[in-house]
Amino acid sequence: MDPTQAAKKLAMSNAETKTQPTRAFIAILLPDAVRKSLASVASTLREGAGRASWVRQENMHLTLRFLGNVERPALENLAQTLRTQYTATSPVVLRLKGTGAFPNLRRPSVVWAGLEVLSGDLNLWRTLAEDAAQQLGLPPEKKGFHPHITLARIRDPRHIGTLPEQLKKTSSLKGDAFTASAVSLLESRLTPKGAVYRRLWEFPCNDGDE
């Protein structure tokens, strides 16, 4: 393929990407040290987990609201709204606390690490994300908000090995405090090797420096 054809093909590909819906979600990205600590916990749990799909360290995050496929113009408008809203909020101080599984330890489908709010209003951040979802026409989230970081998804709850026992051992987990000072709007692309996340926008909150 000559350079001119290659350039045209790339331009067409970029144009198609801009017109295709984006699989998006609103989340809090974690500091490297927190993700490293979570990866260590996951490594311990993985030893007796049976059939499970484990989240890669670089993908660990706190989801505030999954949005699904959103048309690009609507996503850009939403980003403007979110920037205005989150700029008016204050940082949230969190720390890792405990591990568990949804719906329960007997038949787990999702393995998680919990989060404790030490200061700030995480529920407000969640509410703003939920409002954004409804602005797109999505139905209200029925599940209560349980701040957590997904560590793994169980492929077959009939084959969980010693995972319940391991989770009981890590249920008293407590991490160091860390400050969340921004919310992000991310793209999720599904690939044969798993989900790949890309941050589209970041919305810093008011840290009081101005």
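The values are calculated or read from the model by the stated rules, or taken from the named source; none is laboratory data. Model, not experiment: these values are computed from the prediction. So basically every Cβ, Gly included, is an ideal-geometry build from the backbone, and we count neighbours across all protein chains shown. Only protein heavy atoms, including side chains, enter the accessible area calculation; ligands, DNA and RNA are left aside. Shrake-Rupley method; radii C 1.70, N 1.55, O 1.52, S 1.80 Å.
Some notes on this structure:
- Accessible surface of the range 54-101, 1.4 Å probe, proportion on carbon and sulfur as whole %: 47
- 5 angstrom amide H check on GLY50, placed H, neighbours 5+ away: THR162
- Cross-link pairs exceeding 24 Å between alpha carbons, from the set LYS143/LYS169; LYS36/LYS169; LYS36/LYS174: LYS143/LYS169.
- Solvent-accessible area per residue in the chain equals 58 Å², computed with a 1.4 angstrom probe and all protein chains kept.
- Total formal charge among the other residues, if their Cβ is under 9 angstrom from that of TYR197, Lys/Arg +1 and Asp/Glu -1: +1
- Coupling constants for the range 122-128 follow from the phi torsions by the Karplus curve (6.51 cos²θ - 1.76 cosθ + 1.60, θ = phi - 60°), and in residue order they are 5, 4, 5, 4, 5, 4, 5 Hz; glycine and proline get x.
- Convex hull of the range 30-122 built on C-alpha atoms - directionally averaged projected area, nm²: 8.0
- Placed amide H near GLY98: partners under 5 Å, 5+ positions off or other chain: GLY114, LEU173, LYS174
- Of all accessible heavy-atom area on the range 149-210, the percent that carbon and sulfur account for (1.4 Å): 44
- Helix-only [θ]222 nm of the chain, DSSP H runs n ≥ 4, -39500 (n - 2.57) each, per residue, nearest 500: -10500 deg cm²/dmol
- Taking 7 Å steps out from each Cα toward its Cβ at ALA182 and ARG51 produces label points 4.0 nm apart.
- Contour minus Cα-Cα distance for GLN134 and THR162 (0.36 nm per residue): 6.1 nm
- Diffusion constant of the range 118-192 at 20 °C, which comes from Stokes-Einstein with the Kirkwood Cα-pair radius and 1.002 mPa s, µm²/s: 131
- D (Stokes-Einstein, µm²/s), Kirkwood Cα radius, the chain, 1.567 mPa s at 4 °C: 69
- Relative contact order computed over the chain (Cα-Cα under 8 Å; 6+ residues apart), in percent: 31
- In the chain, the longest principal axis of the Cα atoms and the axis of helix 72-87 are about 60 degrees apart.
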